[in-house]
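The values are calculated or read from the model by the stated rules, or taken from the named source; none is laboratory data. In this text the structure is predicted, and so the values were computed from the model without any measurement. Neighbour counts are summed over all protein chains in view; Cβ atoms, including those assigned to glycine, are modelled from backbone coordinates with ideal geometry.
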Amino acid sequence: MHKNKVMKKIRLGIVGAGRFADTHMQHFSKIKDVEIVAASRTNEKRLSEFQKKWKINSIYTDYEEMMTKSNIDGVIIITPTNSHKDITLSAIDKGLHVLCEKPLALSAKDCKIMLDSAEKKGVIHSTNFNQRGNTSLGKIMRYIDRDFVGRIFHANIWWGMSHQYDARPDTLAWRFKSEYGGGSVYELIHVFDMLRFINGEISRIVSTLDTTTKKRPTADYPEGINVDVPDASGFLCEWVNGGFAVVHTSFASRGTDPDGSTSARIEISGEKGKIATNGKYLIEGITGNNGPIHQLDPGPEYAQPYSLFVEAIKKNDQKIIDTSFYDGLKAAEIVDAAYESFNKSKWIEISHT
């Protein structure tokens with residue numbers, strides 16, 4: 001671990017320098033006091049291309065070697081979900097701070113092991129629930145915290161995108177395989193973090209899941225794969241604090257935003273008003289007397305996990321982290337309950353002891 005007490009820059013290494021690593025680099029390249037000095041990936045050709053694109057000092061095909069030799073303060077884990085636990089525990093054992101992609105792990109049990117290990121070692125830990133800031137939800141929460149809607153009655157969250165082969169022939173197989181955390185439940189676990197962000201813990205959930213296309217080609221397997229995860233999901237969730245939410249996620253919904261992306265639609269209603277997203281960046285609502293919905297000032301950007309991770313390391317303060325391993329654990333508990341609900345065709349209570 002890099003132990004200078006007065007650090008000019010935080011030194012980080014990337015484990016899993018694939019497609020999503022570019023998104024991380026776009027964010028970290030805009031943050032002062034941090035540099036990405038190392039990266040690892042098993043594919044040497046792709047790794048070399050990543051190094052040249054982002055001017056990374058050192059690259060490794062073995063992440064263990066990177067952690068040991070590159071004199072880093074922390075790691076950013078952007079690998080398939082089924083590898084998160086082992087890589088994270090290895091990094092923590094070496095005293096490295098960890099920002100891990102979501103889902104944190106494939107079960108709440110594994111998330112708990114990761115959380116306990118990080119807390120015991122005293123390293124900074126963060127789950128990359130970046131949609132609090134990447135959508136308008138973080139800006140909406142500023143209004144909710146000022147009592148804009150009052151006591152929350154109900155909310156709707158819809159996040160649909162198309163990964164049908166004719167619409168997205170570039171889609172890779174991992175999005176449709178359970179061992180990689182694919183599908184409309186685990187990959188879109190962001191929606192469960194959103195629910196907790198909006199109104200606290202979920203008390204119970206009932207779900208319906210569907211796999212609309214059970215065998216399909218992908219860019220890496222044009223001959224086709226068997227899909228073993230849902231690609232369309234619906235959930236009814238009740239909050240411990242009262243109120244309920246209807247949540248719908250889908251990989252089988254056509255249409256995009258004007259820029260070609262797909263963003264979540266969120267609507268929250270309470271005793272005093274209503275507030276909702278309007279496209280990817282705008283918000284609208286009404287409070288007090290009933291009347292037409294109108295545009296609201298979205299205010300400044302909401303802090304993303306990338307900058308908070310750097311700040312927390314600099315100040316050695318876990319409290320700065322907005323979405324820790326604990327948040328990754330609590331979202332995973334909802335996912336586990338959602339699958340149990342579907343398998344048993346019943347409401348599932350979620351304990352928060």
Going through the stretch 23-54 in order, the residues found to be acidic (Asp, Glu) and free of Cβ contacts under 8 Å to residues at least 24 places away in the same chain are Glu44, Glu49
Log entry, pairs with first residue in the stretch 307-321 being without any contact (Cβ under 8 Å) to a residue 12 or more places away in the chain, second being crowded, with 18+ Cβ neighbours inside 10 Å and part of a helix (DSSP H, G or I), beta carbons closer than 6 Å, six or more apart or on different chains, reads Glu311/Ile320
Sole miss for Ile286 among (1) farther than 27 Å from Gly328 by Cα; (2) loosely packed, with under 13 Cβ neighbours inside 10 Å is condition (2)
Worksheet item: Does any residue of the stretch 94-101 turn out to be surrounded by fewer than 16 Cβ atoms within 10 Å (Cβ to Cβ) and either farther than 30 Å from Phe176 by Cα or modelled with pLDDT of 95 or more (or both)?
Response: yes
Those residues of the stretch 220-240 which are surrounded by fewer than 21 Cβ atoms within 10 Å (Cβ to Cβ), out of contact with any Lys or Arg (no Cβ under 9 Å at 6 or more places or on another chain) and under 19 Å from Ala173 (Cα atoms) amount to Asp220, Tyr221, Pro222, Glu223, Ala232
Review point. Are any of the residues in the stretch 243-263 in a helix (DSSP H, G or I), in contact (Cβ under 8 Å) with a residue 12 or more places away in the chain and either more than 23 Å from Thr135 (Cα to Cα) or in contact with a Ser or Thr (Cβ under 7 Å, 6 or more places away or on another chain) (or both)?
Key: no
Filtering the stretch 166-220 for residues that are farther than 20 Å from Ala108 by Cα and among the β-branched types (Val, Ile, Thr) leaves a count of 7
Phe148: passes all of (1) among the aromatic types (Phe, Trp, Tyr); (2) at pLDDT 95 or above; (3) in contact with a Phe, Trp or Tyr (Cβ under 6 Å, 6 or more places away or on another chain) but (3)
In the set Ile10, Ile76, Ile59, the lone residue that is among the aliphatic types (A, V, I, L, M) and over 26 Å from Phe129 (Cα atoms) is Ile59
* Looking at the stretch 178-188, is at least one residue among the charged types (D, E, K, R), farther than 21 Å from Met141 by Cβ and free of Cβ contacts under 8 Å to residues at least 40 places away in the same chain? -> no
Residues of the stretch 289-306 being over 30 Å from His97 (Cα atoms) and either in contact (Cβ under 8 Å) with a residue 24 or more places away in the chain or surrounded by 12 or more Cβ atoms within 10 Å (Cβ to Cβ) (or both), in sequence order, are Ile293, Leu296, Pro298, Gly299
Checked Ser126, Ser117 against criteria (outside the structural domain of Pro298 (by TED's automatic domain parsing), crowded, with 22+ Cβ neighbours inside 10 Å, more than 24 Å from Phe251 (Cα to Cα) and touching a residue at least 24 places away in the same chain (Cβ under 8 Å)); the one match is Ser126
